[in-house]
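Trainee: First, the structure itself, so that you have it in front of you.
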Protein chains: 2
Amino acid sequence: MAQSRPMRADARRNYDRLLAAATEAFAEQGENASLDDIAKRAGVGSGTLYRHFPTRLALLEAAYVDRIEALGARADELAEELPPGEALTEWLYELGVATIRMRGMKALLGSAVADGSSAALTACGTAMKGAAARLVEAAQAEGTLRADLEPVELLRLGHGVTTASELANGQGRELRRYLTLLTEGLRPAG
Amino acid sequence: MAQSRPMRADARRNYDRLLAAATEAFAEQGENASLDDIAKRAGVGSGTLYRHFPTRLALLEAAYVDRIEALGARADELAEELPPGEALTEWLYELGVATIRMRGMKALLGSAVADGSSAALTACGTAMKGAAARLVEAAQAEGTLRADLEPVELLRLGHGVTTASELANGQGRELRRYLTLLTEGLRPAG
DNA sequence: GGAAAAGCGGGGACTGTCTCCGTTTAGTGC
DNA sequence: GCACTAAACGGAGACAGTCCCCGCTTTTCC
């Protein structure tokens, strides 16, 4: 993936500025922040923004890859600290909280775990799927997770539960509750 | 809620035309269909559209209330045909399918079950919540549904699961699967 | 039939996306 | 240093969408 020729100095500078501006704007205004406005913040023309990041999703991904990778790494930390089943739940929780807090990230993760997600999103998608797969496998080996669950199903359900919790406006409290309901099921507690 | 004075004939006519055009447009192009375009289809000016339906959600609601009420009624039909637990699952399934099929309906139902949904949406919201409450109560009485589940939680989780299934692009097949996972829980089958 | 109320509608301000192309600039070889 | 070239810039402008305003038309009611 290395550029055949390194980026020109001004291009590099603008790229970085755009990324910084985007992170800021997405955090403040959510995933629909105006792209022209981001260009303005970065002090570049909109043409420059669109050349570096042809779609909104591309920019979103570039702005959040490191966070996503951190979440992937976090999965492994949790796997060391906790028994597999708990590690998995806790990871889903942290993932959900991050999704809710970092307002731009929802669309990104959503399309990353969608069927037929664009090739541009492979980075985030594979990071997530890898982390999920490791946790799922461990929990299944331990016997605390149903054996027929696919990692990507877990991610999608996690996304769904996060969506449910967003509807409640409750910044995390509902998320825990809904995750419990998902893991335990809706049948009476046994 | 009756108008103090009945609608003027031309107003009534335009209102109906707008509704028909909106239903068509939302079905074809999803919830983000252009409002000006809907006005054009109906053969009225955009001012007229905005006077009758001040927000997109208002139009969406007006276009779908009857479908929503039908879904509410369907809950009671199912309650008669099936044991409470199954009726509930089946209803969630039909609700999800409708949400996915009628492309404009997702946003509507989403805000209807969100905390602090606008006053304008009370009609759809209460219809849904009523239907859910009846099913929940019956299933809890039967003992096939955990006693601490609130109806609105069920609706939100249903919405979340539908979202999860949309990510899979699978038009219904995944929805059944994800609903099963929700009701049975992620623990190994007992 | 005529006055007042109700309603119409499209022009226009505004915001956002995205492209095109003339201009500028960094890098390179001399 | 200097000139040259390919890369990169940037902002004007085409387009699409939302939404409001207000002069004009239609309906209603007496």
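The values are calculated or read from the model by the stated rules, or taken from the named source; none is laboratory data. Computed from a prediction, not measured in an experiment: that's the story for all the values here. Note that we place each Cβ from the backbone using ideal geometry, even for glycine, and neighbour counts take in every protein chain shown. When the accessible area is computed, the model is the full protein with side chains, heavy atoms only, and any ligands, DNA or RNA have been set aside. Shrake-Rupley method; radii C 1.70, N 1.55, O 1.52, S 1.80 Å.
Trainee: For the interface of B with A, what's the total buried accessible surface in square angstrom, probe 1.4 angstrom, rounded to the nearest hundred?
Mentor: For B against A, buried area totals roughly 3200 Å².
Trainee: Can I ask one more? Using a Gaussian network for chain A with springs between C-alpha atoms less than 10 Å apart, which of these wobbles most: A:158, A:110, A:45?
Mentor: A:45
Trainee: Work out which residues of segment B:175-190 lose at minimum 50 square angstrom of accessible surface when the other protein chains are put back, relative to the chain isolated, with a 1.4 angstrom probe, and list them by number.
Mentor: Buried-area filter returns B:177, B:178, B:181, B:182, B:183, B:184, B:186, B:187, B:188.
Trainee: Further question: So if I take the centroid of the Cα atoms in segment A:1-62 and the same for segment B:24-68, what is the distance between those two points in Å?
Mentor: When both Cα centres are located, 35 Å separates them.
Trainee: Mean-square fluctuation check for chain B, GNM, Cα pairs under 10 Å: which of B:27, B:141, B:133 is largest?
Mentor: B:141
Trainee: Specify whether the C-alpha gyration tensor of segment A:105-176 places it in the rounded, prolate or oblate class, a ≥ b ≥ c being the square roots of the eigenvalues: rounded for a/c under 1.5, otherwise prolate if a/b is larger than b/c and oblate if not. Numbers along the way, then the final one.
Mentor: Details: a/c = 2.34, a/b = 1.08, b/c = 2.17.
Judged from the Cα gyration tensor, segment A:105-176 comes out oblate (a/c at least 1.5, b/c at or above a/b).
Trainee: While we're on this one: Mind checking the per residue accessible area of the protein assembly as shown for me, 1.4 Å probe, whole number of Å²? All intermediate terms of the calculation are to be shown ahead of the outcome.
Mentor: On the way: 18470 Å² over 380 residues.
For the protein assembly as shown, the solvent-accessible area averages 49 Å² per residue.
Trainee: On to the next question. Roughly how crowded by other chains is peptide B:66-72, in terms of the mean Cβ count from those chains within 10 Å of each of its Cβ atoms?
Mentor: On the way: counts 0, 0, 0, 0, 0, 0, 0.
Mean inter-chain Cβ contacts per residue within 10 Å come to 0.
Trainee: Continuing with the same structure: Which of rounded, prolate or oblate describes the protein assembly as shown when judged by the alpha-carbon gyration tensor and an a/c cut-off of 1.5? Could the numbers behind the result be given before it?
Mentor: Values: a/c = 2.39, a/b = 1.10, b/c = 2.18.
Here the protein assembly as shown falls in the oblate category.
Trainee: Can you list the distances in nanometres, one decimal and ascending, from the residue A:101 label point to the identical position in each other copy, with the point 7 Å along Cα to Cβ?
Mentor: 4.2
Trainee: Further question: Could you pull the copy-to-copy label distances for residue B:169, with points set 7 Å along Cα to Cβ, in nm to one decimal and sorted shortest first?
Mentor: Relative to the other copies, residue B:169 has label-point distances of 3.6 nm.
Trainee: While we're looking at this one, here's another question. Need one value for B:148-158: mean number of C-beta atoms belonging to other chains within 10 Å of its residues' C-beta atoms.
Mentor: Numbers: counts 4, 3, 1, 0, 2, 8, 3, 2, 10, 10, 2.
Mean partner-chain Cβ count within 10 Å for B:148-158: 4.
Trainee: Which loop-located trypsin sites (Lys or Arg not before Pro) does segment A:1-63 contain, where loop means any DSSP state but H, G, I, E or B and the Cβ has at most 11 other Cβ atoms within 10 Å?
Mentor: Sites meeting the loop and neighbour criteria: A:8.
Trainee: Related question: Pop out the carbon and sulfur fraction of the accessible area of the protein assembly as shown as a percent, whole number, probe 1.4 Å.
Mentor: Working: 9240 of 18470 Å².
The C+S portion of the solvent-accessible surface of the protein assembly as shown is 50 percent.
Trainee: Now, a different point. How about residue B:129: which lysines have a C-alpha closer than 23 Å to its C-alpha, ignoring those fewer than 8 places off in the same chain?
Mentor: Qualifying lysines at Cα under 23 Å: B:106.
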